[in-house]
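First the structure, in the form of structure tokens, and then the observations on it.
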Amino acid sequence: MADYVSLYTYQNDVSVSFAVEDPKIMALGEKLEALCPDAYMNGYNWDVLFRYYLEEYDPDVLEGLDPDPEAGSCVVHWPLSPENEARARRFEEIIRSLIEGEETLCRLVEENGGEIEWD
């Protein structure tokens, strides 16, 4: 499994953490920025990009989602429940799929970068 994304529970939350400063993620971020200069891929813009993707392809994951991006990471939380644990697992799988199949994100940014409200 890739170290750049992890799912964990703590107290009353289930969370997914995305390590923006991982070398693989930094390299992909540079490709995305080359496609759209506004896509400077810090934690805030990864949050924006993931939520943009989810709104289109899996809006249920957004239900109850509480984003907490920082410059070097992107963490999202949901209140702990079986439904939200399933959402968190789906989101972790979506991230892995998007990063490992980076052409989907590249195409998304190339085609829609001007519509995305970057941070």
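A few notes on this one:
- Filtered by the rule that a residue be assigned to a strand (DSSP E or B) and touching a Lys or Arg at 6+ places or on another chain (Cβ under 8 Å), the stretch 51-78 gives Pro67, Trp78.
- The one condition in (1) over 14 Å from Val5 (Cα atoms); (2) at pLDDT 95 or above that Ala39 fails to fulfil: (2)
- Residues of the stretch 84-119 that are more than 19 Å from Ser6 (Cβ to Cβ), surrounded by 13 or more Cβ atoms within 10 Å (Cβ to Cβ) and free of Cβ contacts under 8 Å to residues at least 60 places away in the same chain: Thr104, Leu108.
- Reported count of residues in the stretch 1-50, each being among the charged types (D, E, K, R), over 15 Å from Ser73 (Cα atoms) and in a helix (DSSP H, G or I), is 3.
- Being farther than 20 Å from Ser15 by Cβ and hydroxyl-bearing (Ser, Thr, Tyr) is a property that Tyr53 lacks.
Condition check ((1) out of contact with any helix residue (DSSP H, G or I) (no Cβ under 9 Å at 6 or more places or on another chain); (2) touching a residue at least 12 places away in the same chain (Cβ under 8 Å); (3) surrounded by 14 or more Cβ atoms within 10 Å (Cβ to Cβ); (4) closer than 16 Å to Leu7 by Cβ) across all residues:
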| site | (1), (2), (3), (4) |
| --- | --- |
| Ala19 | no, yes, yes, yes |
| Glu30 | yes, no, no, no |
| Tyr44 | yes, yes, yes, no |
| Val48 | yes, yes, yes, no |
| Tyr53 | no, yes, yes, no |
| Pro79 | yes, yes, no, yes |
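- Considering only residues in the stretch 81-110 that are acidic (Asp, Glu) and in contact with a helix residue (DSSP H, G or I) (Cβ under 8 Å, 6 or more places away or on another chain), the one that is nearest to Cys36 (Cα to Cα) turns out to be Glu110.
The values are calculated or read from the model by the stated rules, or taken from the named source; none is laboratory data. Nothing here was measured: the structure is a model prediction, and the numbers come from that model. Glycine also receives a Cβ, built like all others from the backbone with ideal geometry; neighbour counts cover every protein chain displayed.
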